[in-house]
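Shown next, in structure tokens, is the structure this report addresses.
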Amino acid sequence: MSVRFGSVVRAVLVALVVLAGLAVLQARQRADAATANLVPNSAVEQLDGTGRAVGWTDRSYGANTRTLGVTTPGRLGAGHALSVNVTAFGDGAAYFSSASFPVTAGKLYTVSDWYRSTVPSEINAKVIRSNGTASYHLVATVPAGADWSQAAGSFTAPAGAVSVQIYHLI
């Protein structure tokens, strides 16, 4: 993802868990319990016939000029990464959101994400409740970083939660 403020270009590239791999893991009940990645296509390994990441939706709002897409190579020098490039910024945000996946109300979930960015960003969870309402939860505030770095944070699924989408936005 990149953002231009005046003459300064800022970029965020999230790959292999939003974008270098986004993993949402249900918190361990026991120290030796295995954890499972709940995010479909978290490592951006599956592309459709047009080269878009399966299970990921590019989104944006506000007054900004942006390009969202899939780039190669990903974090490990192979594979893919999701990228957002903002070349003119007034306000708003640009991001990819994961496909929805089921959660259990009251459970703690950990989100981790590999990224590199020239601007601070954040990881959020959009929780859908059984009555159809949505709530948004800040999972982590992420500093800028020129090298691939892993960000992580946690959230507890609120009462009535049935599904969640995860996104990393600038």
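The values are calculated or read from the model by the stated rules, or taken from the named source; none is laboratory data. Quick caveat: nothing in here was measured; it's all calculated off a predicted structure. All Cβ positions, glycine included, derive from the backbone under ideal geometry; neighbour counts span all protein chains shown. Surface areas here come from the heavy atoms of the whole protein model, side chains and all, with no ligands, DNA or RNA. Shrake-Rupley method; radii C 1.70, N 1.55, O 1.52, S 1.80 Å.
With θ taken as phi - 60° and the Karplus curve 6.51 cos²θ - 1.76 cosθ + 1.60 applied, the whole-hertz 3J(HN,Hα) list for region 95-111 is 5, 10, 10, 6, 5, 5, 9, x, 9, 10, 4, x, 8, 8, 10, 10, 10 Hz, x standing for glycine and proline. As a fraction of the 1.4 Å probe accessible area of region 94-170, surface on carbon and sulfur atoms comes out at 54 percent. Between Val164 and Phe101, Val103, Ile128, the built amide H atoms are under 5 Å apart, and every one of these is 5 or more places off in sequence or on another chain. In the context of the full set of protein chains, region 61-170 has a per residue accessible area of 44 Å² (1.4 Å probe).
From the square roots a ≥ b ≥ c of the eigenvalues of the alpha-carbon gyration tensor of region 69-170, which class results: rounded (a/c under 1.5), prolate (a/b over b/c), or oblate? Could the numbers behind the result be given before it?
Details: a/c = 2.05, a/b = 1.74, b/c = 1.18.
Prolate, because a/c is 1.5 or more and a/b exceeds b/c.
Loop-located trypsin sites (Lys or Arg not before Pro) across region 70-155 with a Cβ neighbour count of 15 or fewer within 10 Å are Lys107, with loop assigned by DSSP. Converting phi to 3J(HN,Hα) with the Karplus coefficients 6.51, -1.76 and 1.60 and the offset θ = phi - 60°, region 161-170 yields 5, 10, 8, 8, 10, 10, 8, 10, 10, 10 Hz in sequence order, with x at every glycine or proline.
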